[in-house]
1. Check Pro202 against each of (1) surrounded by fewer than 19 Cβ atoms within 10 Å (Cβ to Cβ); (2) farther than 17 Å from Lys132 by Cα; (3) under 32 Å from the mean Cα position of the chain (by Cα) and name the one condition it does not meet.
2. With (1) within 23 Å of Phe102 (Cα to Cα); (2) free of Cβ contacts under 8 Å to residues at least 40 places away in the same chain; (3) surrounded by 19 or more Cβ atoms within 10 Å (Cβ to Cβ) as the list, and Trp209 as the residue in question, which single condition is left unmet?
3. Taking region 141-165 as the search range and keeping residues that are without any contact (Cβ under 8 Å) to a residue 24 or more places away in the chain and on the phi < 0 side of the Ramachandran plot, which one is surrounded by the most Cβ atoms within 10 Å (Cβ to Cβ)?
4. Tell me whether region 169-180 contains one or more residues that are part of a loop (DSSP other than H, G, I, E, B) and loosely packed, with under 12 Cβ neighbours inside 10 Å.
5. Tally time: how many residues in region 92-113 are more than 12 Å from Ile210 (Cα to Cα) and modelled with pLDDT of 95 or more?
6. Which members of region 141-168 meet the condition of being aromatic (Phe, Trp, Tyr) and assigned to a loop (DSSP other than H, G, I, E, B)?
7. Would region 104-116 turn up any residue that is within 34 Å of the chain's Cα centre (by Cα), of a type in the set (Val, Ile, Thr) and surrounded by 17 or more Cβ atoms within 10 Å (Cβ to Cβ)?
8. Inside region 166-192, can you point out the residues that are touching a residue at least 24 places away in the same chain (Cβ under 8 Å), among the acidic types (Asp, Glu) and out of contact with any strand residue (DSSP E or B) (no Cβ under 8 Å at 6 or more places or on another chain)?
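The values are calculated or read from the model by the stated rules, or taken from the named source; none is laboratory data. Quick caveat, the model's predicted, so the values are computed rather than measured. With ideal geometry, Cβ positions are generated from the backbone for all residues, glycine too; neighbour counts draw on all protein chains shown.
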Amino acid sequence: MYLFLFDLLFGHLYNKELFLHFLKTLQFLDTNPQISHNQARLLKEDFLYGCVAGRKLFRLVAVSFGLLCILQAAVNISLRFAFCKRLKEEDHRGWVYFRPSFYYISSIAKSWKDSRDDCLQRGADLAIINTKEEQDFTRNFKKIMWIGLTETAMKGTWKWVDGTPLSESYWGPDEPNGFEGKNEDCVEINFFDFENSWNDIPCENKNFWICEKKLSS
């Protein structure tokens, strides 16, 4: 009984009034001359069992409520994830994902400038190829298509549409060459059966194109 008193006193009370009621009940049972010692003992035990049962019920309700809150949070997170995933899929319908970007391959042919304008209208730009893996990915479409690389006013200097200079290249044999003296200032993927597949051609030529939309971090 004293262990139970200690338990109640140090943190397991419903409230202060319950503890005072508990003490008054024990005092009444101990001092009432009309109640025998055995009767008092039995009444105390019944009272204590009632307190313990009430405390267990309170704990059960509290734990159940906590689990319900956790379950509700998990459901909310799952629904939000599914909703965002569906939105992303709808926004990028017709696009192909290759980490960390989405790619769109046109079904018609346009000049390099018109092709880039189309990409910009889609919230993207002509593809920038930074790695061998990305280069291999673009070749898999087996299409001759524009990428986001052009020659600057300084001949022999190439830059991407985001303004960065060309560092790693995949030019085809004897490319770039300005074939027959033409101004071949734009770049296409041409020899897609080979890793080195780039070719420079006039920007006015009509080609398919590949847009790239980088995922926001």
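1. (3)
2. If we test Trp209 against (1) within 23 Å of Phe102 (Cα to Cα); (2) free of Cβ contacts under 8 Å to residues at least 40 places away in the same chain; (3) surrounded by 19 or more Cβ atoms within 10 Å (Cβ to Cβ), just (2) comes out false.
3. Pass one, region 141-165, residues without any contact (Cβ under 8 Å) to a residue 24 or more places away in the chain: 152-157, 159, 163, 165.
Now drop any that are not on the phi < 0 side of the Ramachandran plot, which leaves 152-155, 157, 159, 165.
Values: Thr152: 12, Ala153: 6, Met154: 8, Lys155: 10, Thr157: 10, Lys159: 15, Pro165: 9.
Restricting to residues being without any contact (Cβ under 8 Å) to a residue 24 or more places away in the chain and on the phi < 0 side of the Ramachandran plot, the top hit is Lys159.
4. Quick first cut of region 169-180, residues part of a loop (DSSP other than H, G, I, E, B) only: 169-170, 172-178.
Narrowing further to those that are loosely packed, with under 12 Cβ neighbours inside 10 Å: 173-174.
Checked region 169-180: at least one residue is part of a loop (DSSP other than H, G, I, E, B) and loosely packed, with under 12 Cβ neighbours inside 10 Å.
5. Number of matching residues: 2.
6. The first filter runs over region 141-168 and keeps only residues aromatic (Phe, Trp, Tyr), leaving 141, 146, 158, 160.
Within region 141-168, Phe141 is the sole residue that qualifies.
7. No - not one qualifying residue is present in region 104-116.
8. Correct list: Glu168 only.
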